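First up is the structure itself, then whatever we jot down about it.
The values are calculated or read from the model by the stated rules, or taken from the named source; none is laboratory data. In this text the structure is predicted, and so the values were computed from the model without any measurement. Methodologically, a virtual Cβ is constructed for each residue, glycine included, from the backbone with ideal geometry; neighbour enumeration extends over all protein chains shown.
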Amino acid sequence: MGTCLLVAVAFFRRWQQIRYVRYVHSLQRRYRPIVAELLSGTRGQSGIDALRDLPLAEVELLLDPLFSRRKLPERCLVFLQVICSELGLIDLWHGRLSKERGIWSTSSGGGYAQEISDRAVMRSLLRAKSIRNLGKLRHQPSWPLLVSALDDRHVDIQEVALRSLAALGAPESFPALCNRLHTAAQSKSPAPPLQGLQAAMVDFSLACVPALLPSLRHPDFRVRMRATEILKTMICRQAARQPGFTLRSEVLTVPMVELLLTGLAVDTSAEIRARMAEVLVFLPDPRVQPVLCALLRDRQWFVRLRSVRAVAQLRHAATPLFIDIRDRLNDPHWRVREAATQTLLSLGQKGRLQLYEYFLISMDPEIRKQIVEVIERTGLMSVLVEEYGQGAIGMNALVVEQLASEAAPLGLSGVLRTLRPDIRQRFLDRFLPYAEAKMRFLEEKTEEEKARSLQQALEFPPHLAA
């Protein structure tokens with residue numbers, strides 16, 4: 001009897017699901033043309049009246065596929081917000097968020113308690129959908145309700161509320177998120193989740209950056225570190241979207257600039273100092289370069305690493321910084337040396353000349369080998385070979401001759417096989433006489449003369465670098 005009862009319940013539930021799906025499909029087939037017409041901008045009173053005759057629950061079911069999409073065109077969002085406002089859906093969602101959150105009751109009757117639990121789950125689902133829909137519509141006046149939804153006992157609702165707040169981007173809600181960041185970073189409250197909170201805050205516009213000042217000044221380094229990470233991510237995202245981006249005075253106020261240069265750049269936390277380097281490169285202030293030079297010589301290797309990488313984005317590069325970056329080629333940590341090589345290559349002809357000069361005068365085989373690996377990996381060796389065959393002189397020619405004779409003969413031979421025959425022949429026509437002359441020179445010289453000639457070459461006379 002129990003097995004039969006379970007089978008009957010399973011069949012009944014399946015029948016209910018089929019009936020529900022058929023009802024939704026019939027509803028969409030009947031009213032989808034009306035919704036499509038309204039979203040296209042063709043406003044007809046008959047269409048609005050037809051939707052208004054439906055219960056709000058059915059209208060919500062009808063529009064739910066639109067809110068489930070990942071992205072809607074901006075034009076459709078505008079008309080969809082008007083439709084939801086006129087039909088009363090926005091007021092319905094506000095009412096759900098304003099009511100007391102899920103009621104959990106205990107009772108001696110197990111069935112009654114289960115029924116209450118099912119109702120609470122359904123209410124939570126409807127609240128989550130309401131929050132999602134308001135975020136999709138970017139309904140700015142809804143931000144206080146979304147902020148209060150962060151106190152919900154369900155983590156899923158908290159995460160949906162964070163995503164909706166990020167979609168709204170209301171500047172008034174950013175200070176409230178900053179206050180919750182303080183609590184979450186200090187582990188005083190597990191809600192909302194710290195990672196989700198941080199991901200939502202970085203989606204706000206740079207106009208909200210001044211509200212981060214109390215967080216950047218917080219005595220707890222955990223709060224300062226999270227705020228610095230948010231600031232850095234917001235600035236780097238904007239720089240990726242906008243070529244030539246710089247931090248203007250309307251983005252960073254004077255107190256914040258002073259805090260970045262004199263406080264956070266010399267913070268006791270190495271994590272904060274490392275993040276500061278990635279922010280300061282976008283700040284057009286004459287005091288930035290001395291601060292960056294100090295960060296390039298920081299006692300922590302990962303601070304030096306991130307500083308060297310950040311300097312490649314520097315909007316106001318100066319000659320002294322090239323020297324400081326070149327000094328990092330002799331850094332104790334190999335990752336810093338590799339980053340310095342890549343940064344010098346990315347800074348144009350001046351940076352490459354600094355790299356080539358260091359490569360020619362360096363006596364450390366490990367450093368020379370690492371520089372050669374970066375040159376091969378970036379495809380610069382083929383460019384150097386082609387320029388050499390065309391008659392280039394100076395530092396570029398000396399580097400090619402060093403690569404061919406001592407540093408990377410195998411790598412150079414591989415590059416030659418990939419070049420066109422005419423380019424390869426021009427290179428050989430120029431390099432082979434140099435190689436033969438060098439061999440005769442080395443055969444005729446004594447050991448003392450060889451050492452003296454090598455020392456003179458390493459001193460790099462100006463006429464050789466011309």
Legend entry - Test: Val288 is crowded, with 17+ Cβ neighbours inside 10 Å and within 17 Å of the chain's Cα centre (by Cα): no
Inset, instruction - Look at Cys76 and say whether it is in the same structural domain as Ser26 (by TED's automatic domain parsing), part of a helix (DSSP H, G or I) and modelled with pLDDT of 85 or more. - result: no
Inset, instruction - Can you tell me which residue among Asn179, Asn133 is farther than 30 Å from Val78 by Cβ, outside any loop (DSSP other than H, G, I, E, B), over 22 Å from the mean Cα position of the chain (by Cα) and modelled with pLDDT of 90 or more? - result: Asn179
Inset, instruction - Evaluate segment 261-274: report whether one residue or more is surrounded by 21 or more Cβ atoms within 10 Å (Cβ to Cβ), within 18 Å of the chain's Cα centre (by Cα) and either assigned by TED's automatic domain parsing to the domain that holds Asp331 or farther than 25 Å from Ala185 by Cα (or both). - result: yes
Inset, instruction - Might you check whether a residue that is touching a residue at least 12 places away in the same chain (Cβ under 8 Å) and crowded, with 20+ Cβ neighbours inside 10 Å occurs anywhere in segment 237-244? - result: no
Inset, instruction - Would you please name the residue that is surrounded by the most Cβ atoms within 10 Å (Cβ to Cβ), looking only at residues in segment 275-285 that are closer than 18 Å to Arg226 by Cβ and of a type in the set (D, E, K, R)? - result: Arg275
Inset, instruction - For segment 51-72, indicate whether the set of residues that are over 25 Å from His139 (Cβ atoms), out of contact with any Cys (no Cβ under 8 Å at 6 or more places or on another chain) and not aromatic (Phe, Trp, Tyr) is non-empty. - result: no
Inset, instruction - Inspect all residues belonging to segment 333-345 and state whether any of them is touching a residue at least 40 places away in the same chain (Cβ under 8 Å), of a type outside the set (Ser, Thr, Tyr) and part of a helix (DSSP H, G or I). - result: no
Inset, instruction - Could you please give the count of residues in segment 261-308 that are in contact (Cβ under 8 Å) with a residue 40 or more places away in the chain, of a type in the set (Asp, Glu) and either more than 23 Å from Phe245 (Cα to Cα) or part of a loop (DSSP other than H, G, I, E, B) (or both)? - result: 2
Inset, instruction - Determine which single condition Leu321 fails, assuming it passes every other condition in (1) outside the structural domain of Asp298 (by TED's automatic domain parsing); (2) buried (at least 18 other Cβ atoms within 10 Å of the Cβ). - result: (1)
Inset, instruction - Being outside any helix (DSSP H, G or I) and either surrounded by fewer than 23 Cβ atoms within 10 Å (Cβ to Cβ) or of a type in the set (Val, Ile, Thr) (or both) narrows it down to one of Pro219, Pro255, so name that one. - result: Pro219
Inset, instruction - Could you please find all residues in segment 33-49 being surrounded by 14 or more Cβ atoms within 10 Å (Cβ to Cβ) and hydrophobic (A, V, I, L, M, F, W, C)? - result: Ile34, Val35, Leu38, Leu39, Ile48
